[in-house]
Each structure stands twice: as structure tokens, then as C-alpha cells.
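Structure first, commentary second.
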Amino acid sequence: MLALKSGLDRRKGERLLMATLELTVNGKVHRVESDPNRPLLDVLREDLHLTGTKFGCGEGQCRACTVLLDGTPSLSCLTTAERAQGKQIQTIESLAKDDKLHPVQQAFLEENAMQCGYCIPGMIMQTVALLERNPSPSEEQIVNGQTETSAAVAVIPGYCRL
Amino acid sequence: MARPPLPPNATEPERYELSEVVPYHFSPDRRMFLQTIAGGFLLLAVVGDRAEGQGRTTVTTVEAPLRFTADGTITVLNGKVEEGQGARTEIAMAAAEELRVPVSQVQVQMADTDVTPDDWITAGSSTTPATVAAIRQASATGRELLRQFAAKRWKIDGTYLTVKDGKVTEPRSRLSVSYAEMARDTAFLREAVKIQDAPITPPANWTTLGKPLARVNRRDIVTGTHHFPSDIQRPRMLYGAILRPPAYGAKLKSLGEEFQAPNGVTLVQDKEFVGFVASTSFAARKAAEAAAQAAIWDRPTAPEQAKPWESFRQTGQGTPAGKDEAINAGLARATKRIEATFEVPYIQHAPMEPRAAVAEWNGDRLTVWTGTSGPFRVRQDLAEAFGLKIEQVRVIIPDFGGGFGGKHTGEAAIEAARLAREVKRPVALRWTRQEEFTWAYCRPAALIDIRAGIDSNGNLSAWEFVNYNAGNSGIRGPYRAGALREEFLRTESPLRQGSYRALASTANNFARETLIDDLAKAAGKDPLAFRLANMKDDRLRLVLEAVAERFQWEKLRRELRQGRGIGIACGNEKNSVVATCVEVEVDPRTGVPRVLELCQAYECGKIVNPAGLLQQAEGCILMGLGPVLHEEIRYANGMISNGRFRQYRVPRMADVPKLDLVFLDRKDAPSNGAGETPIIGIAPAVANAVFALTGAPVRKMPIRGPRQTA
């Protein structure tokens with residue numbers, strides 16, 4: 001883990017910084033050359049080609065970009081790659097094992113809780129985190145603010161089923 | 001040379017009026033072509049429809065190719081797009097039904113201009129009535145072909161053979177043949193007799209259609225493996241960002257004398273068009289931001305008003321309300337009169353996936369992946385923008401993240417292609433949320449004047465309805481009136497505007513159904529009874545009665561709790577009918593309504609996919625709540641000013657009421673699209689509930705009850 005403690009290798013390009021970052025994603029360590037201020041979302045999608053996590057707003061409102069950092073749901077559009085170092089980063093791609101879906105993925109299928117599906121990886125990660133913390137949340141807890149899912153913006157999937 | 005960005009008040013090609021979908025009556029005007037290809041064959045059935053309705057004849061042809069391959073897979077090639085509304089799934093079901101195969105044996109290849117036919121754009125709720133019908137007919141032809149194959153193979157009369165589970169089985173010998181074998185038999189295919197009028201399966205015999213089926217590629221969604229347009233990655237791909245003007249109509253004078261693109265970022269400038277390309281989207285965006293700081297613009301004089309209503313009155317083309325003699329005479333005769341003006345602001349579509357494109361040039365061939373309702377239209381736009389023949393352009397539409405009528409245009413495609421041509425590498429251009437709010441077209445704002453009068457029996461003696469700017473959809477009401485005038489006046493619009501889910505039917509039904517409740521009160525009648533007494537649309541009457549019964553309207557009118565209001569509304573749109581009831585309370589401090597319960601009855605003919613229908617109805621309802629509660633585009637200084645989710649509030653999970661939806665399945669009636677109509681009753685039902693609760697008439701969206709002061 002080449003964290004801030006051991007010093008980052010910075011070379012200043014014109015207005016762009018470059019650093020070598022070590023990111024642990026879905027159990028695997030990646031060394032990435034990147035401006036450390038880039039959103040984690042961009043590094044996941046553009047550098048590591050993990051496109052399951054989506055860009056919806058870039059302002060922390062929609063939750064489509066949700067990943068888990070050490071088990072906590074985090075908005076990767078607002079998290080810099082630098083700040084994600086030293087954490088266990090988990091994306092939607094980590095859930096299914098071989099051909100077997102995670103129970104939350106399976107539940108989304110069974111409830112048909114998707115339409116265009118763009119927000120669904122984010123919703124699934126939010127749900128995974130919620131159920132880790134609180135295996136039997138009440139409807140009120142889901143809707144009214146004990147969880148980040150309450151703020152989710154994607155209108156269409158019929159929140160009731162979600 | 002790049003085409004300059006669309007001017008700020010450009011109107012979209014598909015505007016306002018989509019003609020009402022009329023019932024289809026199949027005529028024997030069909031052609032069948034068989035073409036052997038590597039590994040199988042293509043069955044092309046061109047289905048022609050002559051439809052009569054509303055005093056006009058519409059002739060359309062839909063090509064519905066099916067590809068049969070030697071492994072038994074049957075692929076429907078279709079020009080519609082999938083944006084979450086369920087077209088892919090209902091197309092697969094329709095083919096599976098008529099071919100008599102499991103849905104898993106059907107693949108659907110959609111929206112690739114090199115491969116699939118042109119099926120117009122995906123809009124107007126037309127996929128279900130037109131495309132699905134054509135695919136059923138084409139698939140029935142494929143089924144008949146298999147019977148013909150079996151008959152020829154066994155040298156028997158084929159009329160007693162049936163196709164089941166993808167096979168024809170001869171009952172006595174137990175021999176069977178399948179689509180896979182037929183696909184391998186080129187000799188048969190060369191000599192196959194053309195099939196006319198293959199019978200499509202009546203609903204009473206449906207085994208696949210009419211049953212709920214979840215999205216066929218749902219697994220790819222929950223695993224995150226489906227590639228939306230903004231996920232497409234090509235070898236050597238770079239990322240782009242566009243320099244946007246600070247106001248609509250602002251002209252770039254210069255980028256500033258000292259401006260230089262940073263290391264590793266390429267500046268692409270072509271008159272008004274300025275973009276940046278880099279190896280990361282972050283670097284491209286940072287460069288565009290730096291350019292925005294440095295650039296010098298010629299700004300136009302900004303419009304003075306923050307609201308368009310006065311400008312609509314001034315620029316409206318046609319006769320305003322108040323001048324029609326028959327109407328004025330009808331009003332003079334009336335016992336009671338109401339005149340009201342409704343204001344419905346611009347709103348945005350806010351699809352979850354902002355528009356995006358990847359463009360790749362190979363010599364003088366251009367391929368673009370993007371999210372739009374119109375692959376062939378965008379292909380045409382690209383060809384024109386770059387001086388190409390359409391054969392040189394290929395547009396591919398992956399299943400994308402929502403459109404709602406807001407992605408009929410291909411801005412991102414053209415922008416990406418211009419950047420890619422310059423850097424000679426594929427370029428991904430993904431709009432930010434702010435760009436999607438600010439630079440895409442809005443739903444038109446509406447200013448609506450209504451003048452209406454009732455006689456002593458509570459019948460309408462006059463009804464004058466004038467819509468400025470928003471459009472014609474839904475302007476004709478379902479009520480009888482002595483003197484009637486319903487007219488749409490075109491105006492100038494300060495903001496770019498275009499299609500939206502149900503188009504102007506949202507504003508028109510809001511205004512009409514809200515005023516009907518005012519009239520009912522003036523007549524001393526219950527809103528439901530008033531509607532039924534004046535209703536001339538029998539089909540609408542049925543859903544109105546159905547929702548009232550389900551919601552227990554009459555009982556609630558008598559027994560409603562303190563602090564609650566109930567409202568009812570109905571409408572006919574895109575050849576389907578909907579009626580909506582709600583129960584609301586109103587926050588006394590803010591006047592913001594809260595919808596507690598929503599009940600809806602909906603009838604769209606024979607139901608094709610009950611699961612898909614439920615999703616479309618729910619989606620319409622939730623989307624309809626947005627403009628009711630909070631959504632409103634604001635603009636200032638020549639620019640939309642609230643282009644972020646924290647400033648433009650779409651419905652959240654906490655806004656969702658208890659839903660109770662009733663669908664009337666009419667087995668005898670043709671199937672119609674359901675993606676739009678269920679939205680039209682939401683706003684007026686809430687308005688009417690607020691009116692009932694507070695006594696204060698509702699004339700605007702977002703809807704507000706009166707606020708308690710101090």
C-alpha cells in the first residue's frame with residue numbers, strides 16, 4: 001500500500017498531476033498511473049474497465065455510482081482515487097461468484113425491480129450494504145433516511161418493488 | 001466540416017404532434033422473401049397495413065426480418081430501440097408465440113443501421129400496435145414455412161400438422177423436424193412456396209403473449225455486464241469534452257490569447273465547435289473548464305422575463321380566446337361561467353443516463369454507438385454533418401438508460417464523430433448531468449386559456465380551450481359541449497423544446513380536468529357524476545367507473561378524514577384510456593401536496609406483457625409526480641439555471657404513494673402502447689384533490705395549496 005505515508009510519486013505535467021496509486025478492487029491490487037484527484041468512478045470505469053458502476057450526476061444525488069469502501073456505501077463520483085487507497089473497494093462486479101448470483105441480485109431479478117437498469121448496480125450495492133448493517137430493515141428505515149437509498153433519484157423502477 | 005450546434009430555439013424534427021395511432025386492419029398486402037445466408041436463412045416478411053380511422057387512410061409497411069440459423073436460434077431484426085420501456089421483451093414474446101418456441105430460443109437484434117430495417121423512431125407508443133403486430137405476422141409466416149418443410153420432407157399433406165415447442169411432429173411415425181433442420185436445407189429454401197396470410201394466434205390460444213415476462217436481458221443488468229452507450233469501449237479510445245457557451249446564442253470571439261490546451265490534451269476547433277480530447281474524461285473536462293474561464297464571448301441580450309407567458313401571448317399565431325362568436329353566444333346563455341388561465345412550466349426529461357456516444361472512423365466509414373430513439377435519423381444527421389453518403393455511416397443503439405422522448409436527437413453522436421475525425425482514434429463523448437439538463441431540449445411550457453359555461457342542468461353550453469406553445473396532443477376533450485373550440489397556437493419559445501412522454505397531453509389534460517372540477521363545483525355536482533353526465537367517450541367511461549369503484553370514490557366523498565382530499569381525473573391518449581384517483585394531504589407551511597394513495601384504472605386493448613405494462617404504468621405515475629410536486633426548469637441570463645439534481649427535484653423514494661393499479665384486459669381489442677397514457681391523469685387528479693381539500697383553485701404546476709401564514 002503506497003499511501004501518503006510513504007510519499008507519492010508526483011510529476012507535475014502542465015495542470016495535470018500524475019501519481020502511482022495502489023487500489024484494491026474486488027480483492028485484487030491494481031497499480032494505476034493517474035491524477036490522484038480523479039474520481040474513483042473514472043478510474044474504475046476508464047482504467048480498470050469495470051463499467052458496471054455508473055455515472056448519473058457527479059454531485060452525489062443519484063447513487064448510481066455506489067461502491068463499497070471497507071463495506072460502507074460510498075459515492076465514487078465524489079471520492080477521489082487517492083482517498084480510496086488503502087481501502088477494500090467493492091464494485092458490482094464482485095457480487096456474482098462464477099455463475100451464481102448474490103442473493104440481492106437474485107432478489108432484484110425476482111422482483112423485476114428494474115426498467116432501463118442504469119441505476120441498478122448502484123441500488124444493488126446500496127442494498128447489499130444496508131442488509132449487512134441491518135438484516136431486517138423496516139420500510140420506513142429504507143425510505144426515510146436510515147439509509148442512503150432514501151435519496152435515490154432514479155424515478156422509474158417503481159420504488160415500491162425496489 | 002462540423003455542423004454547428006443547434007441554435008438555442010431550434011425546434012426538433014419530431015414535435016408536438018404525433019398522429020394518433022389508429023387501429024390496424026390487416027389487408028393482404030404482404031410480400032415474403034427468402035434469402036439463404038451463411039449458416040441459415042433470412043425470412044423477410046414485409047407487412048403492409050391499410051388503416052382507416054378519423055377520416056383518413058394510413059398505409060405503412062413494416063419490415064420484419066427473421067434470421068434462422070442452423071443451431072435453431074431465431075433472431076428478430078428490428079429497428080426499434082430498448083431504453084427500459086420493454087420493447088425488446090415484447091418483441092421476443094411476439095416472435096416466440098407465433099413461431100411456437102420458448103422465448104429463450106429467440107434473440108432480438110435491435111437498432112443497428114447496417115443490420116436491422118428502419119422502423120421509424122421509437123416513439124408515439126407505436127411499438128406495440130405496429131411493430132409487434134408485424135412481427136407476429138412475420139413469425140406466423142415462419143411457422144407456416146416449417147409446416148411446409150415438414151410436409152415436403154415427409155411427402156404428406158401438411159394441413160393437419162402443427163408446430164409445437166419449435167418442432168413439427170408427425171403423430172403416427174413420431175418423426176419430427178425443427179427450425180434448425182429447415183435452416184440447413186438450402187434446396188427446400190430455394191423452392192419454398194410464398195406464404196400469404198399465415199394466421200396469427202388469437203389471444204384465447206396464447207401461451208407466451210399475455211403472460212408476464214421480465215426483461216429478457218435482465219441478468220446482464222443486475223451483474224453490471226450490460227454495456228450502455230456510456231460504457232462502450234473501443235481499442236485506442238480517447239475521451240472528449242465540449243466547450244459550452246455561458247448562455248444560449250453566445251458566440252465565441254476567442255479562446256483568449258494565451259490559452260493553450262494542456263499537455264496530452266488535443267484542442268479541436270471548427271468555427272463555433274470547440275472540443276477537447278484526452279486519454280481520460282477527467283483531463284478532457286478540466287481542459288474544457290479552463291477554456292471556459294479563458295474564453296471571450298459575444299453574449300446576446302438575455303430575455304427579460306424569467307417566465308415565458310407574456311411572450312407566448314405576444315407571439316402566439318392565431319386567434320386568442322374570447323373572439324369566437326359561437327363560444328361567446330354559448331357563454332352568454334350559460335347559467336355559470338368560468339374563465340381560467342393555466343401555467344405549466346418547462347421541465348426536463350432527466351434520464352438516468354446522460355446522453356453519450358462513441359464514434360469511430362475507419363477510412364471514410366463512420367460507426368457510432370449512442371443512445372437515441374432514432375438510429376436512422378441520427379445516421380442521416382451524421383451523413384449530412386460530414387458530407388457522407390448514408391451507406392458510409394453505421395449507427396448502433398445499445399439498450400440505453402432512458403429517453404422519455406428526450407433523446408430523439410443525436411448531439412453527442414455528432415460531437416463525438418467530429419472529435420474522432422480530428423484525432424483519428426475512437427472518441428467517447430459522455431455528457432455531464434448539467435449538460436443533459438442545460439443543452440438538451442425541454443418539454444414545452446404551456447399557457448392555456450379556458451372559457452367554459454354550464455347550463456342549469458350542469459351540461460356544458462360552451463367550451464373554449466386555447467393552448468399556447470405546448471401542442472395539440474390531448475387537446476380534444478371527451479365531453480359534449482354546445483359550442484366547442486379547442487385550438488393550439490404556435491409561439492416562439494425562449495428555450496429549446498421537443499417531445500416528452502405523452503407530449504402536450506400532460507398539460508392539456510391537467511388544464512382540462514382541473515377546470516372540469518371547478519365546473520362540477522359550480523354546478524353543485526360530484527366531480528365523478530359531472531364527468532359521467534357529460535361524457536361522450538364510452539371507452540373512457542368504463543375506466544372512469546372502474547377506478548371510482550376500486551377507489552371507493554363515493555364512500556370516501558362522504559367519509560374522508562379531516563385534512564385529506566380526494567381527486568379524480570381521466571383522459572384518452574394514444575388509443576388507450578386511463579382514469580386516476582388520489583388521496584392527498586397538503587403541508588400547511590409550504591403548500592406542497594403529499595400523495596398518500598393513488599388508484600388507477602387503465603385499458604389499452606389486449607395486454608401483451610402484463611409485467612411490462614405494470615412497469616410502464618408505475619413509471620408513468622412516478623414520473624408524473626415530478627412536475628406535480630417540484631419539477632420546474634428555471635432560466636436566467638439566457639440560460640437554464642437549475643441544471644443539477646440538487647436544484648431540480650425529481651421524485652424520490654419518500655414521494656411514492658401507495659399504489660393500486662387496475663388493468664382492464666380487452667381480449668377483443670387490438671393491443672396498444674402503454675408507455676405514455678398513464679401519465680396524463682396524475683397532475684389533474686392531484687390538483688382536484690388539493691382543490692377539494694382547500695377550496696383554492698389550482699392553476700399552475702408544480703401544484704401548491706394555500707399556505708398558512710403565521
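Here are the numbers:
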item	result
For B:K525, B:K407, order by how many other beta-carbon atoms lie within 10 Å, fewest first	B:K525, B:K407
Partners for A:K28 among lysines (Cα-Cα distance below 22 Å; same-chain residues under 8 apart left out)	A:K5, A:K54, A:K87, A:K97, A:K100
Computed helical MRE - 222 nm, chain B, DSSP H runs ≥ 4 contributing -39500 (n - 2.57), nearest 500	-8500 deg cm²/dmol
Column: log10 I(q)/I(0), Debye, Cα scatterers of the stretch B:147-235, q = 0.25, 0.26 Å⁻¹	-1.31, -1.36
Peptides ranked, highest mean first, by Cβ atoms within 10 Å: ranges A:116-123, B:231-238	A:116-123, B:231-238
Ellipsoid semi-axes in whole angstrom, largest first, where each is sqrt(5λ) of the Cα gyration tensor of the stretch B:26-222	27, 20, 17
Hull shadow area, averaged, the protein assembly as shown [alpha-carbon convex hull, nm²]	40.4
Inter-centroid distance (Cα atoms) of the stretch B:226-305 relative to the stretch B:481-502, Å	35
Selection from A:M114, B:G275, B:F691, by position along the positive dipole direction of the protein assembly as shown (Cβ)	A:M114
Residue-count net charge about B:G84 - beta-carbon cut-off 9 Å; Lys, Arg +1, Asp, Glu -1	-2
Partner lysines for B:K555 [C-alpha distance under 21 Å; skip if fewer than 8 residues away on the same chain]	B:K521, B:K525, B:K658
Exposure proxy ranking, count of Cβ atoms within 10 Å, fewest first, for B:F530, B:F510, B:F259	B:F259, B:F530, B:F510
Helix runs (DSSP H) in chain B reaching 24 Å along axis by Cα, Kyte-Doolittle at least 1.0	B:610-629
Which listed pairs, of B:K80/B:K194; B:K574/B:K606; B:K251/B:K271, have C-alpha distances above 20 Å, in listed order	B:K80/B:K194
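Just so you know, all these numbers are worked out from the coordinates, no wet-lab data involved. Worth saying up front: this structure is predicted, and the values here are computed from it rather than measured. Heads up, the Cβs are rebuilt from the backbone with ideal geometry, glycines too, and the neighbour counts pull from every protein chain shown.
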